[in-house]
1. Please specify each residue of region 277-306 satisfying the condition of being in contact with a strand residue (DSSP E or B) (Cβ under 9 Å, 6 or more places away or on another chain) and farther than 28 Å from Arg369 by Cβ.
2. Looking only at region 134-167, count how many residues are within 18 Å of Pro45 (Cβ to Cβ) and either at pLDDT 95 or above or basic (Lys, Arg) (or both).
3. Of all residues in region 62-80, which are under 20 Å from the mean Cα position of the chain (by Cα) and either among the polar types (S, T, N, Q) or within 18 Å of Val304 (Cβ to Cβ) (or both)?
4. Need pairs with beta-carbon distance below 8 Å; first residue within 12 Å of Ala135 (Cα to Cα) and within region 185-196, second among the acidic types (Asp, Glu); sequence gap 6+ or separate chains.
5. Which of the residues spanning region 156-177 are in contact with a strand residue (DSSP E or B) (Cβ under 8 Å, 6 or more places away or on another chain) and among the aliphatic types (A, V, I, L, M)?
6. If the Cβ limit is 9 Å and pairs must be 6+ apart or interchain, which residue in region 367-387 that is in contact (Cβ under 8 Å) with a residue 60 or more places away in the chain and at positive phi pairs with which residue that is in a helix (DSSP H, G or I) and surrounded by fewer than 21 Cβ atoms within 10 Å (Cβ to Cβ)?
7. Starting from residues that are of a type in the set (Ser, Thr, Tyr) and within 19 Å of the chain's Cα centre (by Cα), keep the ones in region 402-429 and report whichever is surrounded by the fewest Cβ atoms within 10 Å (Cβ to Cβ).
8. Being among the hydrophobic types (A, V, I, L, M, F, W, C) and within 22 Å of Asp182 (Cβ to Cβ) is the filter here, so list the residues in region 221-245 that pass it.
Amino acid sequence: MRLHKSLIISALLLLTFACKEVLEPTPVDLLTSDVALNEPSDVEPVRNGMYGALRGTASPTVILGDFTADMLTFNGTFGQYLELGSKQITASNGAVSALWGSLYQTIYIANFIIERLPEVPGVPAKQRAEVLAEAHFIRGYCYFIATYSFGGVPLVTTTEVSANRNIARSSPEDILRLVLEDYQFALDKVPAEPANAGFVGTQTVKAALARYYLYTQQWALAEQMATEVIASGKYTLVPNYADLVTKDFTSEAILEMGYTLSDDPGTSATGLNNLFVGRREIIPSNQAVVALYAAESGERRSSVSFNVQNLVGSDNGWSVSKYGTADEDNNNIVLFRLGEMYLIRAEARARQGKVTGANSAAEDVNVLRARAKATATSANTQAGMLLEIEQERLYELAFEGHRWYDLVRTGRISAIMSAFSPNWRSAYEKLPIPTSEIQNNPAIARDQNPGY
């Protein structure tokens with residue numbers, strides 16, 4: 001990844017426009033020339049800028065996580081979404097570039113904090129430790145998404161321009177090693193009680209570790225971390241699943257990207273609400289609608305809605321319900337929530353042979369099914385339970401950006417997607433490195449992912 005001057009400027013501009021408290025509508029106004037980390041009063045604006053950058057990663061992760069799979073279908077005019085819908089993805093795809101760019105902008109600001117904050121005199125020790133820990137966690141989270149999206153990526157841990165102009169891709173193993181180091185560094189240093197679910201706290205790190213251990217097939221550790229989050233008592237499942245669709249900052253939100261009127265992704269040309277509802281560029285696939293209306297889904301069918309007036313041409317009339325406009329109470333994007341922790345623990349238990357009975361996968365699946373007013377699971381074999389958990393993740397986490405990642409990590413992507421699209425190719429198990437990066441970084445000029 002080439003961190004040339006224009007990227008540094010764009011990252012600093014991002015600080016200018018994104019430095020806002022999650023629940024405060026009034027922005028912190030900064031001039032680009034004022035963006036610095038030289039004295040204690042600079043810490044909070046730069047910290048908020050890092051969270052602003054992190055919010056920018058959420059929308060492209062949702063789009064690529066569900067559209068690259070079988071949850072969404074193309075219904076509009078934008079070429080980048082036509083590629084995703086037709087499963088003919090190219091390295092110049094704008095959605096792919098948006099994910100890459102937003103991740104590295106966030107990484108840049110996290111690196112800036114990690115480098116500069118220890119040298120700033122007069123910062124209270126508690127604040128210094130907490131903000132440094134947040135920066136490590138957020139950098140680790142971005143690299144986790146990056147490596148499971150693109151495979152090996154350039155491992156940028158400095159803001160030094162000359163060092164980053166020509167940097168090769170590191171292996172996924174090396175990237176994941178840094179992710180784990182960043183998470184472990186943050187675990188006992190982030191705030192135990194963050195101001196709200198818009199900020200990283202101890203349980204956020206544990207939730208991220210639970211997902212990390214699930215993806216890396218460390219089942220016992222995944223079960224342990226998910227159990228610690230569930231047992232913390234800090235989160236409760238909302239009684240009605242529909243509240244997850246219609247409300248922000250619910251009682252089960254562990255980390256949620258909250259937006260103000262000026263940075264709400266639903267108000268932009270490529271924002272979620274505009275794409276799902278306004279322009280209807282992207283709509284739920286028929287397969288997703290059928291799955292969500294299965295008896296086992298229960299009330300989780302509220303993730304989609306139908307309007308007969310939209311039933312024109314190839315439009316199936318269905319819409320994603322989860323992402324409203326800036327003046328509605330459901331425009332946030334959830335990164336971690338309690339429902340996922342039950343699913344992580346269920347899968348980890350099933351992988352260890354704990355299929356039925358006390359402290360089993362069935363017990364966790366049934367917690368979510370009971371909340372959704374669906375029938376209890378009847379799966380009683382490991383293979384059957386794992387397939388059921390795959391479906392539970394589709395129901396429970398619909399349109400939260402998990403589907404493609406789930407199918408890839410479990411090795412199920414080709415079986416599912418070959419039936420969904422005649423254009424599916426195994427190359428799509430990884431996203432392409434964006435063309436601009438291939439052109440600008442000599443170290444990866446001939447290191448594109450196979451098939452692109």
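The values are calculated or read from the model by the stated rules, or taken from the named source; none is laboratory data. Because the structure is predicted, anything quoted here is derived from the model rather than measured. Note that each Cβ is placed from the backbone with ideal geometry, even for glycine, and that neighbours are counted across all protein chains shown.
1. Passing the criteria: Val277, Arg280, Glu281, Ile282.
2. Here is the first cut: in region 134-167, the residues within 18 Å of Pro45 (Cβ to Cβ) are 134-135, 138, 159.
Restricting the remaining residues to those that are either at pLDDT 95 or above or basic (Lys, Arg) (or both) gives 134-135, 138.
Of the residues in that region, 3 qualify.
3. The initial filter retains those residues of region 62-80 that are under 20 Å from the mean Cα position of the chain (by Cα), namely 62-73, 80.
Scanning region 62-80 gives Val62, Ile63, Gly65, Asp66, Phe67, Thr68, Ala69, Asp70, Met71, Leu72, Thr73, Gln80.
4. Ala186/Glu134; Lys189/Glu130; Val190/Glu130; Val190/Glu134
5. Here is the first cut: in region 156-177, the ones in contact with a strand residue (DSSP E or B) (Cβ under 8 Å, 6 or more places away or on another chain) are 164, 167-170.
Within region 156-177, Ile167, Ala168 qualify.
6. Lys373/Gly298; Lys373/Glu299
7. Step one: list which residues in region 402-429 are of a type in the set (Ser, Thr, Tyr), which gives 405, 410, 414, 418, 421, 426, 428.
Now drop any that are not within 19 Å of the chain's Cα centre (by Cα), which leaves 405, 410, 428.
Details: Tyr405: 21, Thr410: 18, Tyr428: 24.
Within region 402-429, the match that is surrounded by the fewest Cβ atoms within 10 Å (Cβ to Cβ) is Thr410.
8. To start, the set of residues in region 221-245 that are among the hydrophobic types (A, V, I, L, M, F, W, C) comprises 221-222, 225-226, 229-231, 237-238, 242, 244-245.
Passing the criteria: Leu221, Ala222, Met225, Ala226, Val229.
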